[in-house]
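Just so it is clear, none of the values below were taken in a lab; they were calculated from the coordinates. All values reported here derive from a predicted model rather than from experimental measurement. Note that each Cβ is placed from the backbone with ideal geometry, even for glycine, and that neighbours are counted across all protein chains shown.
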Amino acid sequence: MNARSLTAALLASAGVLLTGCVGTPASEYEQRTNAECPVEPTEAAGEVRLGYQVILGTELYVRDRGLAEACMPNADLRWIRFPTGQDVVQGLASDSIDLGFLGSTPSAKALSEPLSLDVVIPRVSAVIGDTEALVAKDDSVDTITDLRGGRIAVPYSSTAHYSLLNALRSAGMDPTQDVELVNLSPDALPAAWQSDEIDAAYVWDPVRAFLAESGHIVLTSTDVAEAGAPTYNFTLAARGWVEENTELVQTWLDLQDWAAQVRRDDPEEFAQGNANEAQLSVEETLYQLDGLHIVGGAEQLEQLRGVPEALERTSAFLAGEREVAAPLSSEDAYDAVFFMEGR
C-alpha cells in the first residue's frame, strides 16, 4: 500500500483523523519523562489551555514530542482538540481555551463584528500553499468554471472557504447563484465524497490528499494567493491571558521557533512527530508539509508586520459576503497583533 492509499484507508476507517473535539489527555504527555526542553524553560505557573486542530505544523510536532510539558513544568497544561478553526474561535469566545491554532479567515472573523473578541496574534505559524485545494470528482472539470451548477463542499469560515469564494469571484462566478456551497467539516467530507453528495470540495490536508485519490486538483491556495488573496495559519490568544502570562507566552513562542528550525534541519524528524499525530506515514506527511511554508523565528517580525493588512483584507471580503457585520478597521487590525518584547 502506498502512502496516499494509506491516507485513504485511515480516513475511510471511521474518520479517525479528525473526529471528536478532545484529543489525547495531556497526562499521557506529562508521563514522557525522556522529553527534554530544547529552549530555556520557565518556572512560571498558570493555566495553559491549548486549542488545536489536526493540521500539520510546529504545534503538532511540539504536542507529539511532549515539549510544552517539558518546558513549562509548573503550568497546568491541557490540549483540547477541535475539528475546525471556527470551533477554535468558539472555544476562545466561551473561555474554554487560552490560545488556539487556526487560519487567518476564522481569526479575522473572531476579531470582526459581531464577535469582536479581545484576542491577539503573537505568531504566524505558516503561509498556506498547496496543502489546501479545490478537488473535483469528474475528470472533465479543468477549471473552476466547469463546476457551474455543481455542489461544492467546504468548511465555512475557514481559510479554504475564503480561498474558494475568492476563486469563484475571480472567475466571474456568483457563489450564491452559480454553484451550491455545502458547509461540511473535514471529518464529514470523506463520507459525503464517497456517497456522491458533492461534486467537489475545497479543504486542507490530510483530507485533501484523501479526496485527490479518486479525484483531481483543480486549483490550490497557492494559485489563489498568487491572484492576491494569501492565507495563513496563526496563533490566536486571549489578550488578558497573554498579558498576565508573559513568561509562558515567551517560552511557547521560543519553542515554536525551535520546532520551525527542526523542520529545516531535520525534515524527517519533524515529519515523524506530525505523522504520529495525524496518523499518516512519514512519506505522506513529508509530501503534505511541502504544501506549507512553516514560518521560522527569523521571519516572524516581517510576517507579523504584514498581518494587519491581511486581517483587513480578509475582514472586508467577509463583510462583502455577509459573513461578518462590518469590516475590521485599520486601527483594530494593528491592535490585534502582539509584538513580544525582544522578538
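The table below gives the values:
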{"quantity": "Least to most buried among Tyr232, Tyr156 (fewest other Cβ within 10 Å first)", "calculated": "Tyr156, Tyr232"}
{"quantity": "Contact order relative to length of the chain, as percent, for alpha carbon pairs under 8 angstrom and 6 or more apart", "calculated": "27"}
{"quantity": "Highest-MSF residue in the chain out of Ser170, Ser125, Ser195 [GNM, Cα springs under 10 Å]", "calculated": "Ser195"}
{"quantity": "Peptides 48-60, 141-153 ordered by average Cβ neighbours within 10 Å, highest first", "calculated": "48-60, 141-153"}
{"quantity": "DSSP bridge orientation in the chain - percent antiparallel, rounded to nearest 5", "calculated": "60"}
{"quantity": "Share of pairwise Cα separations in region 242-293, more than 18 Å, in percent", "calculated": "41"}
{"quantity": "Cα centroid separation - region 44-103 against region 150-198, whole Å", "calculated": "28"}
{"quantity": "Highest-fluctuation residue, Phe270, Phe317, Phe82 considered, GNM on the chain with Cα pairs under 10 Å", "calculated": "Phe317"}
{"quantity": "Directionally averaged projected area (convex hull, Cα atoms, the chain), nm²", "calculated": "16.2"}
{"quantity": "Estimated distance in nm for a label pair at Phe339 and Glu283, the labels positioned 7 Å out from Cα along Cα-to-Cβ", "calculated": "4.7"}
{"quantity": "Local electrostatic count, Thr235, Cβ distance below 10 Å [Lys/Arg +1, Asp/Glu -1]", "calculated": "0"}
{"quantity": "Normalised contact order of region 89-235, rounded percent, pairs of Cα under 8 Å and 6 or more residues apart", "calculated": "40"}
{"quantity": "Region 132-227: C-alpha pair distances exceeding 17 Å, %", "calculated": "40"}
{"quantity": "Fraction of antiparallel bridges per DSSP, region 132-227 only, in percent to nearest 5", "calculated": "60"}
{"quantity": "Region 250-330: projected area of the alpha-carbon convex hull, averaged over directions, in nm²", "calculated": "7.5"}
{"quantity": "D (Stokes-Einstein, µm²/s), Kirkwood Cα radius, region 187-284, 1.567 mPa s at 4 °C", "calculated": "77"}
